[in-house]
1. Between Asp269 and Ala544, what is the label-to-label distance in nm when each label sits 7 Å out along the Cα-to-Cβ direction?
2. Using a 1.4 angstrom probe, figure out how much accessible area segment 443-537 has per residue, in square angstrom, rounded to the nearest whole.
3. For segment 201-214, just list the computed ³J(HN,Hα) in residue order, Karplus coefficients 6.51, -1.76 and 1.60, θ = phi - 60°, integers in Hz, with x standing in for Gly and Pro.
4. Would you tell me the accessible area of Glu241, worked out with a 1.4 angstrom probe on the heavy atoms of the protein chains, in Å² to the nearest 10?
5. List the residues whose amide H sits under 5 Å from the amide H of His464, counting only those 5 or more places along or on another chain, with H placed 1.01 Å from N in the peptide plane.
6. Where does each of Ser205, Ser315 land when they are ordered by accessible area, with a 1.4 Å probe and the largest first?
7. With no solvent and one point on each alpha carbon, what is the Debye value of log10 I(q)/I(0) for segment 122-224 at q = 0.12, 0.25 Å⁻¹?
8. Starting from the residue with the highest accessible area, list Lys848, Lys201 in decreasing order, probe 1.4 Å.
Amino acid sequence: MNPEESSKSQPSNTHIRPEVYFATGLQEEEKAAVNKRSPKVLEALQKLNIQAEQAPVIAVLGSGGGLRAHIACLGVLSEMKELGLLDAVTYLAGVSGSTWALSSFYINNGNMEGMEEELKHRYEHNRWPFGESLKKAIQSARRENYSMTDFWAYFVVSRQTRELQDSNLSSIKKQVEEGLLPYPIFAAIDGDLQPDWKKRKTQESWFEFTPHHAGYPALGAFVPITQFGSRFENGTLLSPEPERDLTYLRGLWGSALADIEDIKKYIWDMLRDLREKLKQKEVKAATCMESPEVQVDEALLDLMMAYVKDQNDPSIKDKLRALQQVLSAEREETIALQHSHCQVTTSDEVEWAKQWLLGDGMGPSCSGSSAGFLVADEFGKQRYIWLAEIVQNWDEISPKEKEQFLEYLLYCLMRPRELHEGAKSNSMSRIEGSIQDVFTFLSKTGICCWRWEWGTVYNFLYKHGNITDEAIQSREFLHLVDAGLAINTPYPLVLPPAREAHLILSFDFSAGDPLETVRATADYCRCHAIPFPEVREDQLKEWAKAPESCYILRGETGPVVMHFTLFNINNCGDDIETWRKKYDTMKLSDSYTPDLVEDLLRVSKENVQMNKDNILNEMRKIAVKPVTFPGVTKEDCWGDTVQHAQRSRTVEIKMSNNTDITFSEPLKPVTFPGVTKEDCWGDTVQHAQSSQTVEIKMSNNTDITFSEPLYYLQSGHVLVDPPPLLSPESTINCSFVKKSSSFQGTVGILVYQGPSVHLALLFSVPFNYALHRIEFALAIITEPVSRDLESVFDDIIQGKGSPELKAAKCDLQIPHGTLKLEHDSLIIRATMSNIHVAKLDVVVETKKAP
């Protein structure tokens with residue numbers, strides 16, 4: 001999609017770009033803001049007695065480091081403003097904890113007066129907005145793409161910073177566009193591309209947020225920040241979503257505060273505390289707890305909590321039995337209520353009760369079936385036998401299959417509450433609804449915790465024609481995480497191909513080696529031929545033993561880098577390790593006091609104060625002679641990931657041989673038989689967590705021979721080929737599975753051809769249960785199977801029947817369901833389950849004579 005300006009404009013007189021767009025340089029909004037900033041930079045330099053004909057590009061970077069980085073970064077910004085240095089800066093960029101500070105800075109319009117006192121005041125009392133945080137988290141849990149990031153944002157980041165930021169990133173752009181404040185950049189990385197980053201330091205891993213856009217700078221692919229998180233396909237907006245607030249974005253930017261085990265323990269402790277608070281609320285609402293729905297929710301939550309804590313906990317089987325009992329009790333009570341017409345009074349409520357309590361594949365959700373409520377009730381008596389089966393075989397099931405089963409079970413039993421919220425009886429109390437909301441929130445959090453799913457947002461490049469990299473465009477969702485998992489300072493976002501900063505002031509607030517970000521950035525730049533000062537490993541190791549407050553790094557070309565360490569021999573003397581322990585990254589805000597905050601602000605300010613002259617000297621040098629970035633273009637860095645429409649990819653080679661040697665037989669491209677793109681993906685994207693296998697068993701109890709199987713796969717591939725014949729009184733088996741590193745499920749259709757009728761089985765096992773249900777269908781085709789199977793698949797999915805196509809389709813509302821389809825003398829019965837793996841068991845029979 002070519003970037004085109006919209007004719008509509010915002011009050012700030014900047015144009016909104018149409019949905020997904022590509023930019024080969026600075027975007028127009030950023031370019032305009034930087035141009036507005038340049039005169040302010042020149043004016044600030046003049047006040048500092050520095051003369052320049054053209055404003056140099058100076059960037060200030062803040063590293064990650066949790067609450068320590070948040071407070072220290074605010075101290076740096078405060079002191080730079082006090083000394084007149086901040087007005088000479090073009091860009092402010094941050095990772096993790098520093099993004100918390102930057103968002104506070106911009107929300108306060110860059111006004112540091114009073115911000116320090118307010119910061120210290122927050123930590124005078126051990127209080128944080130728990131009630132409001134819970135409300136925000138519950139609202140987030142209603143989203144299809146809820147992840148650990150939502151929980152982290154509203155229960156960890158808000159607790160650490162003692163504030164909830166309801167504002168949006170787009171709301172801070174006014175002063176930025178007027179050039180009154182530096183242009184802000186907030187860093188994240190694509191978590192699904194982590195394996196590729198570790199091996200090749202891929203530029204595509206980096207993702208950025210600004211007041212105008214969000215996207216991949218190395219791809220030049222962006223979406224307006226107001227549309228970040230909305231649903232796109234092929235560059236077209238399908239479903240707009242409200243812009244996420246800054247608290248959520250803070251959670252996304254700052255989600256890697258410690259190692260995984262520490263984080264898991266912290267999350268588990270919070271979940272346990274929330275569960276205890278919920279139990280106290282249950283006692284106060286004892287009458288409401290008699291509701292069968294709430295009892296089911298409670299049983300689900302107990303099951304989830306046990307599994308999150310210890311997947312081998314023997315009590316899990318007991319909790320599954322308890323769930324079976326309350327589900328059966330709920331079913332019986334609702335049937336009684338429906339027959340007595342006591343509470344289920346409206347047609348919507350009856351329909352909801354049918355689909356939720358008796359929707360086992362024979363109810364209203366199954367198109368093409370004539371079975372109704374009473375028939376469904378007949379099968380409903382056996383509805384929870386599958387749950388008894390899973391309990392009996394629990395110890396023999398693999399951990400991955402247990403996870404897949406529990407995830408689908410939880411989503412199935414939660415979803416009807418979400419989809420049919422309006423069908424509840426008016427007599428249902430607000431307290432009950434509130435408790436169910438909390439149950440849903442905690443259950444979804446548990447699912448995301450054991451899946452370890454973070455930063456789930458819709459992929460705005462999903463199926464985009466301009467993107468040739470399938471690892472980018474095939475995913476329905478992105479998983480954006482803390483950029484500190486790559487480099488704990490956002491150097492890549494102020495270096496080519498993104499931008500060209502002349503002077504970089506990098507303030508490092510990391511735990512551990514304060515020179516690691518320099519080492520990692522030098523390695524990244526070597527991989528991509530980006531100019532960056534050369535550093536020697538022995539030198540970095542020596543500096544790390546007793547770090548000084550500032551190191552000035554320069555090369556023949558590229559930026560000048562001033563790297564500042566937070567705790568150093570200049571401000572901490574011989575007590576560096578004491579200071580580090582005093583401000584551990586996972587140190588809870590509950591243990592922070594105003595004195596601790598004040599001390600941290602003081603040492604961070606001292607690093608600026610004691611290096612003021614060094615900073616001015618470097619500003620003066622680049623003002624006289626700006627640095628250069630020879631030989632580096634954005635096209636060089638992008639490669640072939642983005643398909644550019646108006647640019648030839650032809651390479652013309654001319655070779656002249658001025659020797660007496662003959663060169664011959666140019667080598668042809670080397671081929672690798674059996675190696676597919678799918679094999680190569682394994683190193684590029686994070687391996688998908690579940691197999692999404694579909695096992696099909698077909699039994700032919702007729703005297704008809706079915707043969708020549710055909711299949712169409714929208715996604716996935718064959719695991720076990722369908723046998724060529726389905727003979728009378730025989731059974732065949734085959735299976736299909738998702739591609740190993742694909743972010744799509746297993747979706748397709750299998751057809752066996754008969755003399756006059758053909759049997760078709762449709763299956764859809766999605767990659768993401770939060771968004772899609774498992775679907776399956778039976779169909780009988782009476783016309784020759786000559787047309788494209790894809791169109792047959794589409795007709796069945798869309799419910800388009802015809803005289804030649806008769807189908808019955810169902811979505812799996814629980815992990816077990818049945819279907820039945822009749823045609824002339826044939827009856828086809830199918831059972832679909834997702835207990836161990838997705839299994840489709842089909843039986844073809846001849847109708848018995850009346």
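The values are calculated or read from the model by the stated rules, or taken from the named source; none is laboratory data. These figures come from a predicted structure and were not determined experimentally. Note: ideal-geometry Cβ built from the backbone for every residue, glycine included; neighbour counts use all protein chains shown. The area values use the complete protein model at the heavy-atom level, side chains included, leaving out ligands, DNA and RNA. Shrake-Rupley method; radii C 1.70, N 1.55, O 1.52, S 1.80 Å.
1. Between Asp269 and Ala544, the label points sit 2.8 nm apart.
2. On the way: 2290 Å² over 95 residues.
For segment 443-537, the solvent-accessible area averages 24 Å² per residue.
3. 6, 5, 5, 5, 5, 7, 10, 10, 10, 9, x, 10, 8, 9
4. The accessible area of Glu241 comes to roughly 60 Å².
5. Asn234
6. Ser315, Ser205
7. Each listed q maps to, in turn, -0.60, -1.20.
8. Lys848, Lys201
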